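The values are calculated or read from the model by the stated rules, or taken from the named source; none is laboratory data. The model shown is predicted, which means the values in this text are computed figures rather than measured ones. Heads up, the Cβs are rebuilt from the backbone with ideal geometry, glycines too, and the neighbour counts pull from every protein chain shown. All accessible areas refer to the heavy atoms of the entire protein, side chains included, with ligands and DNA or RNA removed. Shrake-Rupley method; radii C 1.70, N 1.55, O 1.52, S 1.80 Å.
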Amino acid sequence: DWAGAAEEGVLDYLIIDTPPGTSDEHISTVQYLQAASSVSGAIVVTTPEEASMADVRKELNFCKKTKVPVLGLVENMASFKDLLPNLQFFRKPSDGGDGDGGEEECTAEILTKIQTHLPELLQCTVGANVFPPSGGGPTAMAQQYNIPLLASLPLDPNLLKSCDEGLCFVDEFPNSSGVYAMNVIADKLLEFCPPDDEEE
């Protein structure tokens with residue numbers, strides 16, 4: 001925590017999260033860090049749909065022009081995953097409705113039926129693609145630019161909760177669907193950029 005919680009004078013990593021695109025902020029940040037010989041590389045993040053990947057292609061070209069090494073690509077919100085009991089269930093009204101799209105919530109009823117007839121399903125994680133991938137998605141883009149695809153991070157409600165509440169996601173929710181991908185990203189970052197250990 002470079003803002004003050006870390007031991008004075010000790011900083012293993014400074015990670016700067018920039019918005020999409022190649023604005024003046026990107027150029028200024030890269031120039032400042034390069035002048036301080038402090039750029040280890042960039043981890044580029046995209047969602048699977050073409051609108052996001054188009055921005056990321058610009059970012060990858062920007063990194064090439066400014067000689068910032070690209071450590072890898074992360075596919076964010078690759079899918080939605082959660083335990084089945086955490087979902088809500090809805091059905092169309094029994095009278096057929098009036099065409100306004102109104103639906104009746106029936107979660108308790110459905111979960112009771114599952115508990116009675118197929119209780120093992122309550123231990124299952126379910127998922128769906130939120131953003132359908134375009135043209136091979138981030139996997140194809142990583143291959144095109146010859147960079148590693150570090151991980152595909154699912155849209156995990158517990159990760160969102162951790163960010164909102166300032167919690168350590170992998171400690172608070174060790175069995176959550178996004179933990180594996182987060183650990184893979186962290187492990188690869190450590191591999192690419194091992195921290196300096198001045199005591200050794």
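Tabulated values for the structure
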item: Assigned charges on the beta-carbon of Lys, Arg, Asp, Glu; region 42-135 dipole about Cα centre (debye); result: 880 debye
item: Spin-label proximity, GLU191 to region 139-162 - amide N less than 18 Å from point 7 Å beyond Cα toward beta carbon; result: 139, 142-143, 146-153
item: Protection proxy ranking of 128-136, 58-66 - average other beta-carbon atoms within 10 Å, highest first; result: 58-66, 128-136
item: Theoretical FRET efficiency, 1/(1+(r/R0)^6), r = Cβ-Cβ of SER28 and VAL184, R0 25 Å, to 0.05; result: 0.20
item: Segment LYS65-LEU84, extension gain: residue separation times 0.36 nm, minus the distance between their alpha carbons; result: 2.2 nm
item: Estimated FRET transfer efficiency (GLU50, ASP171; beta-carbon r; R0 25 Å; 0.05); result: 0.10
item: Matching label, semi-axes √(5λ) of the Cα gyration tensor in Å computed from the structure shown, candidates (1) 28, 22, 18; (2) 40, 22, 15; (3) 22, 20, 17; result: (2)
item: Alpha carbon centroid spacing (whole Å) that separates region 143-178 from region 30-79; result: 18 Å
item: Average accessible area per residue (Å²) across the chain - probe 1.4 Å, nucleic acids and ligands excluded; result: 67 Å²
item: Rough spin-label spacing in nm, given labels placed 7 Å along Cα→Cβ, for ASP164 and ASN129; result: 2.8 nm
item: Pairwise Lys count, the chain - Cα closer than 28 Å, eight or more residues apart or different chains; result: 11
item: Two-site label geometry, ASN146 and ALA108: point separation in nm, points 7 Å out along Cα→Cβ; result: 6.1 nm
